[in-house]
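Colleague: What follows is a single structure, and I will ask about it in a moment.
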Amino acid sequence: MNSLEDMHVDPNVAFDPFTTPNPSLTPQPDLDSTITITLGMWNHLINRFSAFETRSNNLERALEALDSSHNMLKNRHNTLEYEYYERAVVTHRNSHQEPKIPDPPPCSPANAKNSSHSS
């Protein structure tokens, strides 16, 4: 079982340590038989574990960076939202006042007589 043909491996396909072989191409051993693990098989398993660990660590760092960026953007969004509210809503509310209606002239008895005769 040393050749690639015996292992049902296509030598023209690029090796990807994360792919799982097609189960129909994987020989199924008898359940009562002893399986001998060669040094090559062991090294292949260790290499796959090592590649998986490296990829997992890279993804973990990427996730931490993404989480940090998300929190930074969320804080910036909240700051901008607050600043907009302060400038647009509160400033508008404080500056918007009802128009001033001038007070009527003081009413005196002389003005009252004149205004009733002019009607």
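The values are calculated or read from the model by the stated rules, or taken from the named source; none is laboratory data. Source: prediction; values computed, not measured. When we count neighbours, we look across all protein chains shown, and the Cβ atoms used for this are built from the backbone with ideal geometry, even at glycine.
Colleague: Would it be correct to say that Ser68 is small (Gly, Ala, Ser) and modelled with pLDDT of 80 or more? Lay out the reasoning, then the answer.
Modeller: Values: small (Gly, Ala, Ser): yes; modelled with pLDDT of 80 or more: yes.
Spelling it out, Ser68 is indeed small (Gly, Ala, Ser) and modelled with pLDDT of 80 or more.
Colleague: What are the residue pairs meeting all of these: first residue in segment 13-39, first residue surrounded by 10 or more Cβ atoms within 10 Å (Cβ to Cβ), second residue modelled with pLDDT under 65 and part of a loop (DSSP other than H, G, I, E, B), Cβ atoms under 6 Å, and 6 or more apart or on different chains?
Modeller: These pairs meet every condition: Leu25/His8.
Colleague: Moving to a separate point now. If I go through segment 94-109 residue by residue, how many of them are among the hydroxyl-bearing types (Ser, Thr, Tyr) and either outside any loop (DSSP other than H, G, I, E, B) or at pLDDT 80 or above (or both)?
Modeller: Selection size over segment 94-109: 1.
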